[in-house]
1. From the Cα gyration tensor of segment 3-160, with a ≥ b ≥ c the square roots of its eigenvalues, which class applies: rounded if a/c is under 1.5, or else prolate if a/b is larger than b/c, or else oblate?
2. How would you rank 199, 143, going from fewest to most other Cβ atoms within 10 Å of each one's own Cβ?
3. Under 4 °C and 1.567 mPa s, how fast does the chain diffuse according to Stokes-Einstein, given a Kirkwood radius computed over C-alpha pairs? Answer in µm²/s, whole number.
4. Efficiency by 1/(1 + (r/R0)^6): what FRET value for residue 263 and residue 33, r their Cβ-Cβ distance, R0 = 35 Å, to the nearest 0.05?
5. Using only Cα atoms, find the angle between the long axis of helix 18-29 and the longest principal axis of the chain, and express it within 0 to 90 degrees, rounded to the nearest 10.
6. Given only helices, namely DSSP H runs of n ≥ 4 each adding -39500 (n - 2.57), what is the per-residue ellipticity at 222 nm of the chain, to the nearest 500 deg cm²/dmol?
7. Would you please give the FRET efficiency between residue 202 and residue 247, computed as 1/(1 + (r/R0)^6) with r the Cβ-Cβ distance and R0 = 51 Å, to the nearest 0.05?
8. Please arrange 181, 54, 202 by counting, for each residue, the other beta carbons lying within 10 Å of its beta carbon, fewest first.
C-alpha cells in the first residue's frame, strides 16, 4: 500500500458495516495509523470506536482516498457528507453494488477520479476477490492505490470495461451464496445417506473449503484436479456421472444461475 500518501493526507471511509470493517481491520493490521483514518457511520460499533480512528467528526479537506462503502439505497443520503472536498488529488473508490461510474460522476463531478469495485463476502476473513475499474480521470497511480487498499481483504483483478461488472456480480459477487448452498445441499445428502446432521455438515463444510484451497494453490487446472481424484469405475465417477449430465447436471444449472444474477445486476443498474 502507498502508506506514505494515505498516512500523510488521510483516508475517509464512508460506511463501516461488515465490508467496511473488514477493510479497515486489514489496513490497520498492515500498519496504517488510526490517526490517518476518518470514518462516517450512523451507528458506529463498539469495535470501530475502540480502533482509535476518527469517527463522525470533521473530515480532512483533501484526503488521499474516499472509500464509499454504504448500501446503494443509502447513497443519496450519504454522498452529500463528502461533497465539500474540493481536492483534485482525492481518489473516490466505491464498493457499492449497482452504482455506476457515471452516476457517481453526476454527483461528485466529472473531473474526479472515480473507481468502482466489487468485492465479495470472503473479504471478511481476508479471502475475498475484488474486481475494479476506473473512469477516464482515474490514472494508473490511482488504480494502483485502490488495488493496494483492496488487497487488504484478498485478491484484486482489473476489468477492461465497466460493462463486465454485471458478470462479475453474477459470478464472484453472488458466488459465495452459491457455494454456501452447495454446502447445505451436500450436508443434506449426507444426512439422507445416514449421517448425523452435525457430522454431515462438518464433512461438507470442510470438503468444500479444502477443495477450494487445493484449487487455489495447485498448479493444475480444476479439470485436471477432478481427473486426479476420479478412479475408473469408482465412487467418484459414479457421482460425477450424475453431476456432469449435460442436461440436468451442475454445468447447465450454474450457467442459468450466473445468467440470472447477471441479468438482475443489469436491471438494478438501469433502474
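1. Rounded is the answer for segment 3-160, as its axis ratio a/c remains below 1.5.
2. The order, fewest Cβ neighbours first, is 199, 143.
3. So the translational diffusion coefficient is about 63 µm²/s.
4. Numbers: r = 44 Å, r/R0 = 1.25.
The pair residue 263/residue 33 has a calculated efficiency of 0.20.
5. 70
6. Computed mean residue ellipticity for the chain: -14000 deg cm²/dmol.
7. On the way: r = 33 Å, r/R0 = 0.64.
The pair residue 202/residue 247 has a calculated efficiency of 0.95.
8. Lowest count first: 181, 202, 54.
Each value in this text was obtained by applying a stated rule to the coordinates, not by laboratory testing. Quantities reported herein were computed from a predicted structural model and do not represent experimental measurements. When we count neighbours, we look across all protein chains shown, and the Cβ atoms used for this are built from the backbone with ideal geometry, even at glycine.
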